[in-house]
Each structure stands twice: as structure tokens, then as C-alpha cells.
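What follows is a short report on a single structure.
The values are calculated or read from the model by the stated rules, or taken from the named source; none is laboratory data. No experiment lies behind these values; they were computed from the predicted model shown. Counting neighbours? That spans all protein chains shown, and the Cβs are built from the backbone with ideal geometry, glycine included.
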Amino acid sequence: MKTRIFILAFAFLLIFNFATPTVVFSKGPPPVTQWKGEGTKIKFESIPMITLQKILNRGSYAETQTISGTLNFPASAADKNVPVVILLSGSSGISDSQEYWIKTLNNIGLATFTVDSNWARRKCRSDKKNKSFYVGGPFCNGTHKGMLRIVDAYRALELLSKHPRIDPKRIGCLGTSLGGVGCLYQSVKRFQKMWATPGIEFAASVPMYPVCNFKWIEDDVMSDEPIRIHIGELDQYGSA
């Protein structure tokens, strides 16, 4: 029953299609900076910058990369069994979009965990041995096409499933753009087998305008979690 209530609350929120703020840059994108929003910052282990080929074909990786997430509980949250939504950002990192969702989700009683996938990997372009990392701007997003986000999602899921105040059966994922790729494809069983912790899955997933115009092997064999994709019919950047 609790799981159903969480999923319904999550879907109910999104049915109203809250507008995500849009930022227009007249003089180009802002400089690369670390997001310092309010909340409890928690460090955890994921994997370093690796190529898309390795993400698709390796089930483990010896090296680790310490990244972080920021946990925010609603003011009225209970001491235990609180539902939480993991937020995965787009290619430019945490922005007004994620701050909007933190506030909105907290206001309806859901905790949030905002994952910073970019900052710890910001020196990827300085790796002279891996020139392929140079693709895709300062955070080398073209190297992994957003699929690195699925590993970050799995690691955050594992972390929060052990938190004393979090209900491990009511952890959802909401991602925007590149983060939407992570939220969408983390549900593919092939990737879960390769990268996820056995026995732990998301309760629901909401990819917001993910780029999904490519085909992976067995990408239609997915877990049973509810998935609600939001994408613009006329969007020419991430075509529906």
C-alpha cells in the first residue's frame, strides 16, 4: 500500500505538468562552478569517467570516483520510512531546474537527493591518455552519452536504501535531459545486472525529455517499475 501511495503521489505531481524554469544566456553559458545548495551533502563512490563502450560492455570497474549528492527532507518528514526522489541533472549540471524540483517535491512530502555527477569529474579533459574524453564540453558528456548517469543512479539508490530515515521500497528517480537518460535506462535489466546492486530497484522513474533515439541490445527488457516519460512532441533537440 505504501509503495502504491508513493507512486501515485509521484505521478499525481507530474500530471499537472509543472513548468520548468528556462534560463537564457545572452553572453554564453556561465562558468563552471560547484553547486552549493542547501541540504546535507553526502559523498559516495561511483565510477570515474569511462567511455560508452566500457559502460555497455563491462560489469565491473576496479577504479572508483567519489561524487556527492545533497539530501533534503520535508520540514514535516517523519523519523523513518520517508519516500525519496533521486534527482539526476542534465549535461550542464545542477541548475534552476533541479532546485525547482527539490522545492516542489519537498512541499508534497517527498525527500530529495540531488546527485552531482559533474563536479568531481570536471578534470576529465586534462587526461592526456584519453583524448576521447574531450568530447562534449567541459564535463566530457559526449564520452558516455548520459549512460554514466545510470551508474550514479544505482550507487545513490544503494546509499539511500541503507539510510535510517528512508523507506528503501519507495525510492524514485527523476532526471532531466542527460539525467533523463540515466533515469530511463537504469530500468533496463541488462544494465542492472552489469552495474546495480542485486535486489535493489527503483519504485518509479520519471525521465524528463531524455535523449532516447538510439538502440541498445536488450533495451526493451526492463524492470516492472512504473515509467512516465515527459517529452515535447515538437522538440527538435531530443526528438519524441
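The figures follow:
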quantity	calculated
Count of segment 215-235 residues which are within 17 Å of GLY90 (Cβ to Cβ) and not acidic (Asp, Glu)	4
Any hit, segment 198-211, residues being exposed (fewer than 15 other Cβ atoms within 10 Å of the Cβ) and touching an Asp or Glu at 6+ places or on another chain (Cβ under 6 Å)	no
Helices (runs of 4 or more DSSP H) (entirely within segment 136-240) containing at least 1 residues that are in contact (Cβ under 8 Å) with a residue 24 or more places away in the chain and of a type in the set (Phe, Trp, Tyr)	148-161, 178-185, 189-195
LYS43 vs. criteria of a type in the set (Lys, Arg), part of a strand (DSSP E or B) and either crowded, with 18+ Cβ neighbours inside 10 Å or at pLDDT 85 or above (or both)	yes
Residue match in segment 64-74 (condition: under 30 Å from MET194 (Cβ atoms), surrounded by fewer than 13 Cβ atoms within 10 Å (Cβ to Cβ), modelled with pLDDT of 80 or more and more than 17 Å from the chain's Cα centre (by Cα))	yes
